[in-house]
Amino acid sequence: MADYTKINLVADVEDMAPSHGLEGIESRFARRPLGLANSGLSLFRMQPGFRLPFGHDHSEQEEVYVVVAGSAVIKIGDEEIELAEWDALRVPPNTPRGLQAGPEGGHVLAFGAPNTENKDAEVLPDFWPNT
């Protein structure tokens with residue numbers, strides 16, 4: 001029998017946004033439920049115009065963001081990049097990034113590698129300018 005793991009990203013993966021006091025987004029981190037050893041996978045389902053109130057970066061992990069529904073804006077450093085459905089964007093390590101939904105909302109898959117148990121993510125609380 002083949003070794004594999006099948007889950008549903010919505011039904012089988014806990015939404016972590018409420019435990020962090022975030023409204024307007026679902027954030028589901030599937031690395032552990034999938035048993036991933038070398039990478040990560042996350043699903044973000046955002047209401048129209050929702051902006052994560054912080055940015056983050058990784059010391060080791062590169063990420064690819066794929067918009068699977070709606071649209072999104074990803075801020076990379078000081079540049080804001082608009083992404084439409086099925087656009088993919090690679091972000092290298094040591095690059096500050098932040099995520100915002102487009103006007104109709106956005107569903108985004110984020111893939112990261114390597115899998116880093118050493119917590120290489122740094123939260124950047126003042127990432128977005130006050131608007």
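The values are calculated or read from the model by the stated rules, or taken from the named source; none is laboratory data. This is a predicted model, so every value here is computed, not measured. Cβ sites come from the backbone with ideal geometry, for glycine too, and all protein chains shown count toward neighbours. Heads up: the accessible areas ignore ligands, DNA and RNA and are worked out on the full protein's heavy atoms, side chains in. Shrake-Rupley method; radii C 1.70, N 1.55, O 1.52, S 1.80 Å.
In table form, for the structure just shown:
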read-out	value
Added length on full extension, which subtracts the Cα-Cα distance from 0.36 nm per residue, Trp86 to Ala37	15.0 nm
Structure-derived P(r) over Cα pairs in 5 Å bins from 0, in percent - corresponding label in [x] 2, 10, 19, 24, 23, 14, 4, 2, 1, 0, 0; [y] 2, 12, 24, 26, 23, 11, 2, 0; [z] 2, 10, 19, 22, 18, 13, 8, 4, 2, 1, 0	[x]
Phi to ³J(HN,Hα) by Karplus 6.51 cos²θ - 1.76 cosθ + 1.60 over region 30-46, Hz, x for Gly, Pro	9, 4, 5, x, 7, x, 6, 9, 10, 7, x, 9, 10, 10, 10, 10, 10
GluC sites (Glu not before Pro), loop per DSSP, at most 11 other Cβ atoms within 10 Å - longest free stretch of the chain	24-116
Accessible surface, per residue, of region 26-111 when the full set of protein chains is kept, probe 1.4 Å, Å²	48 Å²
Longest segment of the chain lacking trypsin sites (Lys or Arg not before Pro) that sit in a DSSP loop with at most 11 other Cβ atoms within 10 Å	7-118
Per DSSP, loop chymotrypsin sites (Phe, Trp or Tyr not before Pro) in region 62-131 with at most 14 further Cβ within 10 Å	Trp86
In Hz, Karplus ³J(HN,Hα) per residue of region 80-87 (6.51, -1.76, 1.60; θ = phi - 60°; x = Gly, Pro)	9, 10, 7, 10, 9, 3, 6, 6
Two-site label geometry, His56 and Asn115: point separation in nm, points 7 Å out along Cα→Cβ	1.7 nm
Surface share of carbon and sulfur [accessible, 1.4 angstrom probe, percent] for the chain	52 percent
